[in-house]
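Only one structure is covered here, and it is reproduced in the block below.
All of the numbers you see were taken from the coordinates with simple rules; none came from a lab. As the structure is a prediction and not an experimental result, all values here were calculated from the model. Using ideal geometry, Cβ is built from the backbone for each residue, glycine included, and neighbour counts are taken over all protein chains shown.
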Number of protein chains: 2
Amino acid sequence: MVTLKDVAKEAGVTATTASRALRGMDMVTPKTTHRVLAAAEKLGYRMNISAQSLRTGKSGTVTFLTAGIDGAYFSSLAMRFAAELNRQGMHMLIESSKYLLDDQGNERDMSYLFSDGIIGINAKHASKALSSHPSVLLEDYTLDSPYDQVNAPSQAGTRAAIRHLYEKGCRRIGLVGHDIPPESNPGASQQVRMLAARHECQQLGLEFDDEHSLISVPWSRDGGVEAGHRWADDRLGFDGLFCPSDGLALGVLRGLADRGVAVPQDVAVIGFDGIEDGEYSVPTLSTIAVDFTSMAQAAVALLTHRINHPDEERYPQTVTVGYRLIERESTRR
Amino acid sequence: MVTLKDVAKEAGVTATTASRALRGMDMVTPKTTHRVLAAAEKLGYRMNISAQSLRTGKSGTVTFLTAGIDGAYFSSLAMRFAAELNRQGMHMLIESSKYLLDDQGNERDMSYLFSDGIIGINAKHASKALSSHPSVLLEDYTLDSPYDQVNAPSQAGTRAAIRHLYEKGCRRIGLVGHDIPPESNPGASQQVRMLAARHECQQLGLEFDDEHSLISVPWSRDGGVEAGHRWADDRLGFDGLFCPSDGLALGVLRGLADRGVAVPQDVAVIGFDGIEDGEYSVPTLSTIAVDFTSMAQAAVALLTHRINHPDEERYPQTVTVGYRLIERESTRR
DNA sequence: GTGAAAGCGCTAACAA
DNA sequence: TTGTTAGCGCTTTCAC
């Protein structure tokens, strides 16, 4: 293994100077810098990040921490963060918080000290990890959270979705999902969206009934399928369905197709998130497209600030990104 | 920051003993171990991985290196690897090789020395990184590769897909994709699949014409849409379409839907990969479901072996995982 | 502008 | 079984 010392010797300087040159510090003579760079190239030198990290206390790495790691939503989100971090010259470690718990359900997270910060989503129970690092939470919605938050526009987006259904002539709007978040709690954003939907329906003067306006199913594609089946089998009579996630909505489309229901003629369907799949479904899916790129940028910006100014006692901040209503076939009529 | 020394002092032992206890080495008295663990817990000790890594030369981290980081296929693959690595007590760093190149297209990958190994897919141009680490390549298909490979059953799976179409009565089978891999080369597996498809068609005695049996479009969902359109607009007359990826196939379904074509009545469609989306499309998608779980397990096993036995000169090995043909609506007739 | 020395937190050898 | 010593490769004082 070729170390800094080897490079230094090759360039006829000390390790100190070589280090400075490699990092482009301008106190070093251009000539010296050049010599060092050439030596590094010649020897195929690659810096030992562990050593650097040990010395500086920074690793240039951020952990993306999530409970469930599966599904189009989480993975596409994770990929955007990886891209944004790479763009900033940082690296992303991806971690499922479920592997952080031992058999007794205790948090075993010694391995965390390595990364400079954490971007967490649905990772509340990894509190040790979060509290011992600069952390940003995604889709959290906790008021008075000790962490910076970056959220989707769940309220505004949901209300826009409901109004869209209304404008399309829907007068009996159903909500797909459920009130009580399941144990695994992919639920914070879900709850906010359900509440906002209910609120907006009432504002629009629509008949709305806590009991009968909800198709209560699990928050998943299969849950959506089930909801679609129920719409038909139980003759629920909604002319518009709001799904608080695109996964749910795509499931609904599939469930309705199973029963030969025509969308949007028999019932209009709108989702939330704006994942790519909705562009290709049959029918294509109207949705509230969340600006994930901005979410990634905002979260990384907040996090790097905290990392670089560890002593600054800035109050936790919440960023809510924008959205765009995309009308596609599932509500076009 | 609380270090090993602090823990040791609290437990009334030396750092060495504390270290051994924390790592569960059995030379340490149970009583001592217990004391150390208690001290660590009490002080909220978290190990500094950088220091450990510097000392041992291992970081417990593997880099998942991919050119394009987007799309259901790559992200779901990445997630499986993360899960498998976590299961093994390791961590996954995710890296897009495109951020590895500087403006001049030179590889700048100093940051790599940190991880113990690389799992690469479509990452051939990151050769410096690959060659300087234990590496496993996914979907590579290069003969005489210097790296261990883990591949999908592209040949066998493709032939099964073609035979399936044949058994369903298809006699004019079209292939979607293209022969010449595009510059970005997500193409190795594509080429293998196209070739195998051609071969199997000929074996079955089907009329097959290099020029007219191929719908040449980009390897993407949009490419699939285009292929669907062409099938209808150019009256290509295929009664069965083989798509070498599910993304392509889902695009085809959408493109055919745009033209009001009935699948599978007018034309049967089969994909390749087995991503979840195909369970929910309309119609649902028949596919060759690759055993991604085994891919992840095999790759991680090969890699950890190389990592733990750096001096063993084992010849590069290729693992081809299994598949299952899943018949769904798009070919059910 | 460059160098010498110290030390980040940990673990492997060796000694007791 | 436990402790002592040394050093992994790097960057940061502090001298010059």
Discussion item. Run lengths n ≥ 4 of DSSP H only: what is the helix-derived mean residue ellipticity at 222 nm for the protein assembly as shown, with -39500 (n - 2.57) per run over all residues, to the nearest 500?
Written reply: -12500 deg cm²/dmol
Discussion item. What does the structure give for A:283-290 when I average, per residue, the other chain Cβ atoms found within 10 Å of the residue Cβ?
Written reply: 1
Worksheet entry | Dipole magnitude (debye, nearest 20) for the protein assembly as shown, charges at Cβ of Lys, Arg, Asp, Glu | 1760
Worksheet item: Got a sec? How would A:6, A:273, A:148 order by Cβ neighbour count within 10 Å, fewest to most?
Response: A:6, A:148, A:273
Worksheet item: What are the residues whose amide H is under 5 Å from the amide H of residue B:135, where those residues sit 5 or more places off or on another chain and H is modelled from the backbone?
Response: B:118, B:148
Worksheet item: What is the helix-to-structure angle for A:292-308, meaning the angle in degrees between its Cα long axis and the longest Cα principal axis of chain A, kept from 0 to 90 and rounded to the nearest 10?
Response: 40
Worksheet, complete the sentence: Sorted by chain and then number, the residues having a modelled amide H within less than 5 Å of the amide H of residue B:319, at least 5 places away or on another chain, are B:149, B:150, B:151
Worksheet item: How far is it, in nm, from the label point at residue A:171 to the one at residue A:2 when both lie 7 Å from their Cα along the line to the Cβ?
Response: 7.8
Fill in: Dipole magnitude of chain B about its Cα centre (Cβ charges: Lys, Arg +1; Asp, Glu -1), debye to nearest 20
1500
Fill in: Residue mean of other protein chain beta carbons inside 10 Å, A:124-136
1
Practice prompt. Subtract the Cα-Cα distance of residue B:259 and residue B:16 from 0.36 nm times their separation in residues, and report this length gain in nm to one decimal.
Written response: 80.3 nm
Worksheet entry | the range A:254-323: GluC sites (Glu not before Pro) falling in loop per DSSP and having at most 13 other Cβ within 10 Å | A:312, A:313
Discussion item. With angles folded into 0 to 90 degrees, how steeply does helix A:221-233 sit against the dominant principal axis of chain A? Use alpha carbons for both and round to 10.
Written reply: 10
Worksheet item: Whole-Hz Karplus ³J(HN,Hα) for the range B:309-326, in order, using 6.51 cos²θ - 1.76 cosθ + 1.60 and θ = phi - 60°, x for Gly and Pro?
Response: 10, x, 8, 5, 9, 6, 5, x, 10, 10, 10, 10, 8, x, 8, 9, 7, 10
Worksheet item: How far apart, in nm, are two points set 7 Å out from the Cα along the Cα-to-Cβ line at residue A:124 and at residue B:87?
Response: 2.9
Worksheet item: Counting other C-beta atoms within 10 Å, which of A:147, A:315, A:323 has the fewest, and how do the rest follow?
Response: A:315, A:147, A:323
Discussion item. Under 5 Å between amide hydrogens, which residues at least 5 positions from residue B:214 or on another chain qualify, with H placed 1.01 Å from N in the peptide plane?
Written reply: B:175
Practice prompt. Could you go through the range B:87-93 in sequence order and give the Karplus-derived ³J(HN,Hα) for each residue, using 6.51 cos²θ - 1.76 cosθ + 1.60 with θ = phi - 60°, rounded to whole Hz, and x for Gly and Pro?
Written response: 4, 8, x, 10, 10, 10, 9
Discussion item. Taking the beta-carbon count within 10 Å as an exposure proxy, list B:243, B:201 from fewest neighbours to most.
Written reply: B:201, B:243
Response to the item:
In this structure, among A:128/B:128; A:98/B:42; A:98/B:9; A:5/A:128; A:98/B:58, pairs with alpha-carbon gaps over 27 Å are A:128/B:128; A:98/B:9; A:5/A:128
Response to the item:
Among trypsin sites (Lys or Arg not before Pro) in the range A:226-292, those in a DSSP loop whose Cβ has at most 15 other Cβ atoms within 10 Å are A:235, A:259
Item to complete: Provide the per-residue ³J(HN,Hα) series for the range A:160-166, in order, calculated from phi with Karplus coefficients 6.51, -1.76, 1.60 and θ = phi - 60°, each as a whole number of Hz, with x at glycine and proline positions.
Response: 5, 5, 5, 4, 4, 4, 4
Worksheet entry | Degrees between helix A:246-258 axis and first principal axis of chain A (Cα, 0 to 90, nearest 10) | 40
